[in-house]
1. Which ones in region 141-193 are small (Gly, Ala, Ser) and at pLDDT below 90?
2. Those residues that are assigned to a helix (DSSP H, G or I), of a type in the set (Lys, Arg) and more than 17 Å from the chain's Cα centre (by Cα), I need them from region 42-81; list them, please.
3. Just checking, which of 56, 16 is modelled with pLDDT under 85 and either closer than 20 Å to residue 96 by Cβ or among the β-branched types (Val, Ile, Thr) (or both)?
4. Would you pick out the residues in region 92-128 that are out of contact with any Lys or Arg (no Cβ under 7 Å at 6 or more places or on another chain), more than 24 Å from residue 76 (Cβ to Cβ) and surrounded by 15 or more Cβ atoms within 10 Å (Cβ to Cβ)?
Amino acid sequence: MLESKKNVNKVLSMMVVLLFLCSGCATLKNFFAKTDPNHIDSALREYDRGNYEKAVKFYSLAINNGNNTYEAYFNRGISYKSLGRMSDALGDFLRAFSIRPADSGQAALQIAETYFQMQDYSKALEYAEKVLALNSSHKPMRRIKGHSLFFQKDYVIAAEILASCSDSLSKKTLALCYFKLRKPEKARDIFMKQYFNLKDVSGLTDDDYYWAGAMADVNLQGRKVVNAYWSKVSEEYKRKNPKIKKIIDNK
């Protein structure tokens, strides 16, 4: 009898627990939906696999469930950017920046880069300046600022900034600044160093300079000027440098 009573009590206890769990089911579901890190974990995993659409989906689930954090918006922005959805990416980077404006590093860099890729150079410059105001030696932002100023035709300031950049693209843009500023010798020296990896240009021949002039001017004035320079290059030089001839012909 006593054993039977104990069994009945166990059953009743289990029923109470089940009723409690059922009554709190919706609350628990909402709680875990808002705090469950698996959406973020899944998003990171899919991004690492190159599944950017799925990464966006999981980040969106996390955000819709209340995970309105800097990391969620920033990482979804990176995923959008990987898909080429620049407007969506920009929106997320701006939201991330608004959440943590004091952290003007990665978010502001992505905003500036995205505006630049969208050819909104004034906005790219604006966000580059935000970071440079705190860290004037920030190399990526100096590159963005220099290139943005070039496209805004502020060649003097652009040249000053790009002269301190060491990457190949910045050097070539610097050469174009010099051409725009009517300093062709400086421009051609840069082009020769970039294309031939020369540290010393003192021993260059006239043919070298004519070829560099052709390469530089094609970016500015087109085929007519290229032909004008290339016609001055000796036939022997062309014969010895068939790869260069091919490059010019393709221009």
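1. Of the residues in region 141-193, the ones small (Gly, Ala, Ser) are 146, 148, 158-159, 163-164, 166, 168, 170, 175, 187.
Matches in region 141-193: 166, 168, 170, 175, 187.
2. Residues of region 42-81 that are assigned to a helix (DSSP H, G or I), as a first pass: 42-48, 52-64, 70-81.
Add one more test, that the residue is of a type in the set (Lys, Arg), and what stays is 45, 54, 57, 76, 81.
Of everything in region 42-81, those that are assigned to a helix (DSSP H, G or I), of a type in the set (Lys, Arg) and more than 17 Å from the chain's Cα centre (by Cα) turn out to be 45, 54, 57.
3. Numbers: 56 fails: modelled with pLDDT under 85.
Only one candidate qualifies: 16.
4. Within region 92-128, 121 is the sole residue that qualifies.
The values are calculated or read from the model by the stated rules, or taken from the named source; none is laboratory data. Computed from a prediction, not measured in an experiment: that's the story for all the values here. For neighbour counting, all protein chains shown are included, and Cβ atoms are generated from backbone atoms with ideal geometry for every residue, glycine included.
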